[in-house]
Amino acid sequence: MSGKTILVTGGAGYIGSHVVRQLAEANENVVVLDNLSTGFRQAVLHGELVVGDTGDAACLDGIFSRYSIDTVMHFAAHTVVPESVANPLKYYRNNTCASRVLIERAQQAGVRYFVFSSTAAVYGIPPGGIASEESPTVPINPYGSSKLMTEWMLRDVAAASPMRYVALRYFNVAGSDPQGRIGQSTPNATLLTKVACEVAVGKRERLLIYGTDYPTPDGTGVRDYIHVEDLADAHLKALEYLRRGGESVVLNCGYGRGYSVREVIAAVERVAGTKLATEEAPRRPGDPPVLIAEATKIRSTLGWTPRFDDLDAIVESALGWERKLAAGTWAS
Ligand code: UD1
C-alpha cells in the first residue's frame, strides 16, 4: 500500500466497480466519484462513494483537499456507440469536457499518475479489422472522437507536467466478477453479451442481430471480447507500471481474437443450454464490421497475462450474473 488514495471516477459502474474491488483486495485506498447516472451505490464494495459529476470542479477540489490523492483512474463516461451518433454533444460534454476539468483539477492537486479508460472505437475501421496502438486513429462515431480528444489532452498535459498516464483502449468488455458479487447491471443494456444473456434468462423476448451483410465470414460483426476481470487487472498492472517509473503509454486491451455476433449467440446457447430467439435487423449506426486488438504490447509493457481468455468462461460469468439479477437477489 502506498499510503496515498486513488480517485476512481465511475467506480460505481460496470468496469470501475470491478477495479475498485481488485484495488481493495490489493490493499489500496480508494475514493469513488460517481453521479450514479448508470452506476449503482451497492456496486461500490470498498471506499467512500462521493456522488457527484466528474466535471464539477468544486466537488473535485473538495475530494482533492480531503484525501491525499496521487492517482486518478477515470472510468466515468457515456459508452454507447449508437447513442453517441444520435446525441453527440452528450458525449462531448461528459467524455471530453468533463475529462478536461478532471485533468485540470488533478494536475493542480499534484496527481502523478492517471489511468484512463479509452476505447478501441478510436481506430474506426482499421485495415484488416486489426488495430495496433500504431494504427491510425480515425473514429467513425462521436463516442470514439470524444475519447480520443481526452487521450490527446493527457498526452499534452503529460508533456508539459510531471504527470504520467496509461490510456487503456478497451475492446469489448464482457463477463462479471467470478464470485458473483458485482456485474453488468445497466437497465436497457445494449452490450451484445448482456442482451444475449437477458434473452437466455427470459428477461427479453429476442435478440436483434444488427447487420448480416458485413464482409465477415458469417456476415455479422466481429469483436474482440475481453473478460472484465482481466481488464480490471490490467488497471492494477498499469498502476504498478507507473509507480515503477514507466513512461506514459497507450495500450490495447483485448485478447487478439475476434468472435462474430453469431458465434457469441452460439456460446450463450451452449452455456445456457437453451436456444435464443433472434431476429435479423439492419446495421446499427456507427458500428465497424470488425474490431480486433493487436494485443502484444500490453503484455510486454505491463507484464499482464489474461486469466479468463475463453468465450465460454466469459459467457458463464455473464449468465451467472444475469440469473442473479433475474432472481432479485441484487437490487438494481
Ligand atoms: C462496445 C462498447 C464501446 C467500445 C466498443 C469497443 C459499451 C456499451 N460499448 O461497443 O464502448 O468502444 O465495445 O469495440 O460498453 N449487437 C447485436 N445485437 C445487439 C447488440 C449488439 O447484433 O443487441 C452487435 C453489434 O452490432 C456489434 C456487436 O454485437 O457488431 C457488439 O456490440 P456491442 O456489444 O453493443 O458493443 P460495441 O458497439 O462494439
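The values are calculated or read from the model by the stated rules, or taken from the named source; none is laboratory data. These numbers come from a predicted model, not from an experiment. Heads up, the Cβs are rebuilt from the backbone with ideal geometry, glycines too, and the neighbour counts pull from every protein chain shown.
If you go through region 262-296 and keep only what is within 12 Å of the ligand (Cβ to nearest atom) and under 21 Å from Val122 (Cα atoms), you end up with Arg283, Arg284, Pro285, Gly286, Asp287, Pro288, Pro289, Val290, Leu291, Ile292, Ala293. So is Leu168 within 12 Å of the ligand (Cβ to nearest atom), of a type in the set (A, V, I, L, M) and closer than 16 Å to Ser117 by Cα or not? It is true that Leu168 is within 12 Å of the ligand (Cβ to nearest atom), of a type in the set (A, V, I, L, M) and closer than 16 Å to Ser117 by Cα. Total residues in region 190-231 satisfying the condition of being within 11 Å of the ligand (Cβ to nearest atom), within 21 Å of the chain's Cα centre (by Cα) and in a strand (DSSP E or B): the figure is 4. Among the conditions (1) in a loop (DSSP other than H, G, I, E, B); (2) within 16 Å of the ligand (Cβ to nearest atom); (3) within 29 Å of Arg41 (Cα to Cα), Ile140 misses just one, which is (3). Scan region 59-108 for residues that are touching a helix residue (DSSP H, G or I) at 6+ places or on another chain (Cβ under 8 Å) and of a type in the set (Asp, Glu) and jot them down. Answer for region 59-108, where residues must be touching a helix residue (DSSP H, G or I) at 6+ places or on another chain (Cβ under 8 Å) and of a type in the set (Asp, Glu): Asp61, Glu83, Glu104. Among the residues of region 161-169, at least one is assigned by TED's automatic domain parsing to the domain that holds Cys59, surrounded by 18 or more Cβ atoms within 10 Å (Cβ to Cβ) and in contact with a Cys (Cβ under 7 Å, 6 or more places away or on another chain).
Across region 71-106, the qualifying residues are those that are touching an Asp or Glu at 6+ places or on another chain (Cβ under 9 Å) and of a type in the set (A, V, I, L, M), and the one among them that is farthest from the ligand (Cβ to nearest atom) is Val101.
Considered as a group, the residues in region 1-35 that are assigned to a loop (DSSP other than H, G, I, E, B) and more than 16 Å from the chain's Cα centre (by Cα) include one that is nearest to the ligand (Cβ to nearest atom), and that residue is Asn35.
Each residue in region 254-294 was checked for being more than 22 Å from Thr216 (Cβ to Cβ) and surrounded by 16 or more Cβ atoms within 10 Å (Cβ to Cβ), and 2 pass.
Taken over region 317-332, residues that are free of Cβ contacts under 8 Å to residues at least 60 places away in the same chain and assigned to a helix (DSSP H, G or I) amount to 1. If the condition is being within 17 Å of Ala281 (Cα to Cα) and aliphatic (A, V, I, L, M), then region 180-198 contributes Leu191, Leu192, Val195, Ala196.
Of all the numbered requirements in (1) free of Cβ contacts under 8 Å to residues at least 24 places away in the same chain; (2) assigned to a helix (DSSP H, G or I), Ala234 misses one, and that requirement is (1).
Confirm whether Thr274 is outside any helix (DSSP H, G or I) and without any contact (Cβ under 8 Å) to a residue 24 or more places away in the chain. Please lay out each step first, then the result.
On the way: outside any helix (DSSP H, G or I): yes; without any contact (Cβ under 8 Å) to a residue 24 or more places away in the chain: no.
The answer is no for Thr274.
Which of the following residues is surrounded by 24 or more Cβ atoms within 10 Å (Cβ to Cβ) and over 23 Å from Ala158 (Cβ atoms): Val20, Val85, Val72, Val50? Outline the logic, then answer.
Values: Val85 fails: surrounded by 24 or more Cβ atoms within 10 Å (Cβ to Cβ); Val72 fails: over 23 Å from Ala158 (Cβ atoms); Val50 fails: surrounded by 24 or more Cβ atoms within 10 Å (Cβ to Cβ).
Going through Val20, Val85, Val72, Val50 in turn, the sole match is Val20.
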